[in-house]
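Before any comments, here is the structure.
The values are calculated or read from the model by the stated rules, or taken from the named source; none is laboratory data. These numbers come from a predicted model, not from an experiment. Backbone-built Cβ (ideal geometry, glycine too); neighbour counts: all protein chains shown. Protein only, heavy atoms only, side chains kept; ligands, DNA and RNA dropped before computing areas. Shrake-Rupley method; radii C 1.70, N 1.55, O 1.52, S 1.80 Å.
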Amino acid sequence: VSAGTREAELAARSPGDGRPVLALPGGCGSDKRTAMLRRVLTKAGYDCHGWALGAHWPGGVEILSQIDARVDAIRPGSGAPVTLIGWSLGGLVAREYAKFAPAKTAAVITLGSPFSGSPRDNRAWRMWQWAARTRIEDNPLGQSLGVKPPVPTLAIWSPRDGVISPH
């Protein structure tokens, strides 16, 4: 079965309603890493966009203003809020953005994002420290990661995903 056929089958399972969606890649990833997800969502009928910010290197709160500008650029003329789908670090940023701009955020969906427990309670913290060149405990976004945003959220993960701690 070709990749295009699989994408069409996945898209047919969840018909969209045209709402705007922004996909945020994981750490050190770019829009290339979310390309298949965005193709499936677009085929399903969503207005799906990449984050268009290049490689996603761990950073500070300045990322929230960058995401805000991207959300403003893709919102339809009606000003409808955007659904954010974030993979790993992208999910952490999506959750923090929803706290920063809840009126612009319809919902947050995280895919394998380590937002609860200790910041070292996952298998990605060493990579994060290397990329950010700072201790994971000093992450300016990490002070309230476990606090749920004031919008609907859905966290998708697996106890065997290799990143998120099962407990």
How many residues, within the range 48-77, are open to solvent by 30 Å² or more (accessible area, probe 1.4 Å), touching a residue at least 40 places away in the same chain (Cβ under 8 Å) and under 19 Å from P102 (Cα atoms)? 4
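Quick one: is G45 in contact with a helix residue (DSSP H, G or I) (Cβ under 6 Å, 6 or more places away or on another chain) and surrounded by 13 or more Cβ atoms within 10 Å (Cβ to Cβ)?
no
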Do the conditions hold for S116, that is, is it modelled with pLDDT under 90, hydroxyl-bearing (S, T, Y) and open to solvent by 70 Å² or more (accessible area, probe 1.4 Å)? yes
Exactly one of (1) open to solvent by 20 Å² or more (accessible area, probe 1.4 Å); (2) over 12 Å from the mean Cα position of the chain (by Cα) is unmet by S30. Its number? (2)
Can you tell me which of R75, R6 is in contact with a strand residue (DSSP E or B) (Cβ under 8 Å, 6 or more places away or on another chain) and basic (K, R)? R75
Give me the residue from the range 119-138 that is crowded, with 16+ Cβ neighbours inside 10 Å, out of contact with any helix residue (DSSP H, G or I) (no Cβ under 8 Å at 6 or more places or on another chain) and farther than 20 Å from S158 by Cβ and, out of that set, modelled with the lowest pLDDT. A132
Name the single residue that is modelled with the highest pLDDT among those in the range 41-77 being among the small types (G, A, S), touching an Asp or Glu at 6+ places or on another chain (Cβ under 7 Å) and closer than 15 Å to G90 by Cβ. G50
Could you grab me the full set of residues in the range 6-27 that are at pLDDT 85 or above and either open to solvent by 30 Å² or more (accessible area, probe 1.4 Å) or assigned to a strand (DSSP E or B) (or both)? G18, R19, P20, V21, L22, A23, L24
I'm told A3 meets every condition in (1) closer than 30 Å to R135 by Cα; (2) hydrophobic (A, V, I, L, M, F, W, C); (3) surrounded by fewer than 12 Cβ atoms within 10 Å (Cβ to Cβ) except one. Can you identify the failing condition by its number? (1)
Any chance G86 is of a type outside the set (A, V, I, L, M, F, W, C) and under 21 Å from T153 (Cβ atoms): yes
